[in-house]
Amino acid sequence: MKLTGGEIVVRALRDEGIHHTFGIPGTHNIELYDALAESATVRPVLVTDEQSASFMADGYWRASGRLACVNVVPGAGLTHALSGIAEAYLDTVPLLVLGCGIRQDFAKAYQLHDIDQLALARPVTKAAYRIERGAEIYSEIRRACALARAGAPGPVMVEVPVNLYLTRHEVDPAGWGPPPPIAAPIATEDQLDRVAAVLNEPGARPLVYLGLGSAGAGADLVALAERLEAPVATTFQGKGVFPESHPLFLWNGFGAAAPPFARAVVGRRVATLAIGCRFSEVGTGSYGIDPPRPLVHADIDSAVFGRNYETDVAVAADAAAFVRALLPRLVARPRDDALRSLIREGHEQVWRDWLARPAADRVTPARLLQAIQEALGPETVFTSDSGNGTFLAMECLRLERPGMFLAPVDYSCMGYSVPAAIGAKLARPDCPVAALAGDGAFLMTGLELLTAANHHVPVAVFVLRDRELAQISQFQATALNRKTASELPDYDAGGLARALGVEALPLARDADIPATLGRVREILAAGRPVLVDVAIDYSRRTFFTAGVVKTNLLRLSWPERLRFIGRAVGRKLLG
């Protein structure tokens, strides 16, 4: 049988369970889009910018665990999308990047969009390759999807030259099928015994530190913490892998970027069991942690061991299989009521401090985030942007499961929250989705509200307006006592939303929160997106910001510390 390249691609996407492609069609892939128009299962979503296409596909997977496709034209389509592809790469998010290529069937130079796309993509993908023959399209796309999901997940790019779309190819669908599974590493009996020996030591009082890679272990993570009677900290990406209502949940992170009670708890621990994490810069508060020793580290990617912190016992394994095999080897420890009380009282004190000083004419972040969770419900998925909003959400939200806090972490790309929220809502139509967009980041991808309106995607976008690039502004004010190029020109966010066909609501003070959120619920229930223009109060720094500033200051030599402090004090005194 003969099929066009586009028809073969759509068959492969359908068989992979990919329901959405995100992108903008161009002259090179109109045949693919024509095939998509005939599909009953794969829906193309038109975006306003290809950067948003990659963010949408990213948010789609993070919210649901299902793969989506970034569908881009050669040249500018790929370069626009690279920021989101790189975000997915550093945050271990699988994407299928379906790149179209220039003609390969004749040797003409200076073709439209002619650049070396694979060279651009290779540094930010697990693999990038070109399909040379039409008969290989189906198998190569399915192989790319398997590779994207396997091991430490990440984006994989497949380039399909335009001439393969323009022509038909002899294929035999009866022989099509999935590629052989890529086996995950498993822990050996000796490794499991070594880990158990460390954790069962009478003097061991372990800390459990969980990253997103541990999410597959599910309820076994609760059983693990209770068996060890150990406090649990998570990475930022791992927020929600351990239920944050549990009395052993400590904080997202630990060390200098955590509150005093969390630092006190960790300071008394002996041994760390880290699962599914990499000890990256952002997650560790600029490497401002000191894991209690010995450090046992389990991760599916053996390359992460010992990179930033010396590992005493390393286990390359799938987290779910590792925890499941480890549990029977652990000696159950008695309930530690003193530990649980210290954690409970610490959280209560943090919340008392957050709520004790409400802003008179602005919106208090903790009150807003708490109210959003109450108004929209416990199944709400949150997306955030690079900067202060991410750290506020990380500290203030309390989540019960993974896939509910989608944030750009290790690449930390601005503009993530709005398109990621659209992708998350398409993936999880049953769940409310709230985007926490910085007002600077909103200027980058806020036009995707048009996409939400056009496709009837009911997301709530909260634009956190302080008229600054808040995180950078706070760093500048603290370290330099001066702000440079971090104060934004004002703009009418509500007017912009209305121009895109989206209702806009002002939120000026704490007293307005209940009524505003009531209206948000009504608009979402009607199947429409909504923007809320929030006059946010950023006067109080997050624990994360304060900890990172302190960590980096103490990393300097004494002469450099004095120079930084003296400059800031001098500028303050001189006005």
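The values are calculated or read from the model by the stated rules, or taken from the named source; none is laboratory data. Here the structure is a predicted model, which is why all the values come from computation and not from measurement. We place every Cβ from the backbone using ideal geometry, glycine too, and count neighbours over all the protein chains shown.
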Residue satisfying condition, being touching a strand residue (DSSP E or B) at 6+ places or on another chain (Cβ under 7 Å) and either outside the structural domain of Trp61 (by TED's automatic domain parsing) or not in a helix (DSSP H, G or I) (or both), within set Val265, Val282: Val265
Quick one: is Ala223 in the same structural domain as Ser302 (by TED's automatic domain parsing), over 30 Å from Asp34 (Cα atoms), of a type in the set (A, V, I, L, M, F, W, C) and assigned to a strand (DSSP E or B)? no
Does the stretch 460-473 hold any residues that are of a type outside the set (Val, Ile, Thr), surrounded by fewer than 23 Cβ atoms within 10 Å (Cβ to Cβ) and in contact with a Ser or Thr (Cβ under 9 Å, 6 or more places away or on another chain), and which are they? Asp466, Glu468, Ser473
Against the conditions (1) out of contact with any helix residue (DSSP H, G or I) (no Cβ under 8 Å at 6 or more places or on another chain); (2) crowded, with 21+ Cβ neighbours inside 10 Å; (3) over 17 Å from Ala230 (Cα atoms); (4) not hydroxyl-bearing (Ser, Thr, Tyr), where does Glu281 fall short? Just the number, please. (2)
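Condition test on Ala434, is it at pLDDT 95 or above and touching a Phe, Trp or Tyr at 6+ places or on another chain (Cβ under 6 Å)?
Considered against the rule, which asks whether it is at pLDDT 95 or above and touching a Phe, Trp or Tyr at 6+ places or on another chain (Cβ under 6 Å), Ala434 comes out as yes.
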Of those in the stretch 165-204 that are part of a helix (DSSP H, G or I) and at pLDDT below 95, the residue surrounded by the most Cβ atoms within 10 Å (Cβ to Cβ) is Tyr165
Exclusive hit being touching a residue at least 40 places away in the same chain (Cβ under 8 Å), buried (at least 22 other Cβ atoms within 10 Å of the Cβ) and either assigned to a loop (DSSP other than H, G, I, E, B) or in the same structural domain as Val47 (by TED's automatic domain parsing) (or both), set Val534, Val457, Val520: Val457
Report, by residue number, each residue of the stretch 316-364 that is within 25 Å of the chain's Cα centre (by Cα), over 30 Å from Leu517 (Cα atoms) and outside any helix (DSSP H, G or I). Ala316, Ala317, Asp318
Can you pull out every residue in the stretch 499-512 that is more than 12 Å from Ala452 (Cβ to Cβ) and surrounded by fewer than 21 Cβ atoms within 10 Å (Cβ to Cβ)? Ala499, Ala504, Leu505, Pro506, Ala508, Arg509, Asp510, Ala511, Asp512
What do you reckon, is Val241 of a type in the set (Val, Ile, Thr), in a loop (DSSP other than H, G, I, E, B) and touching a Leu at 6+ places or on another chain (Cβ under 8 Å)? yes
If you go through the stretch 181-195 one residue at a time, how many are over 23 Å from Leu250 (Cβ atoms) and in contact (Cβ under 8 Å) with a residue 12 or more places away in the chain? 10
Answer yes or no: is there a residue in the stretch 500-512 that is in contact with a helix residue (DSSP H, G or I) (Cβ under 6 Å, 6 or more places away or on another chain), at pLDDT 95 or above and over 24 Å from Ala420 (Cα atoms). yes
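Given the stretch 1-55, what strands (runs of 3 or more DSSP E) lie entirely inside it while holding 1 or more residues that are crowded, with 21+ Cβ neighbours inside 10 Å and within 30 Å of the chain's Cα centre (by Cα)?
Once the strands (runs of 3 or more DSSP E) in the stretch 1-55 are filtered for at least 1 residues that are crowded, with 21+ Cβ neighbours inside 10 Å and within 30 Å of the chain's Cα centre (by Cα), what remains is 20-23, 43-46.
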Only one of (1) within 23 Å of Gly288 (Cβ to Cβ); (2) part of a loop (DSSP other than H, G, I, E, B) fails for Gly501. Which number is that? (1)
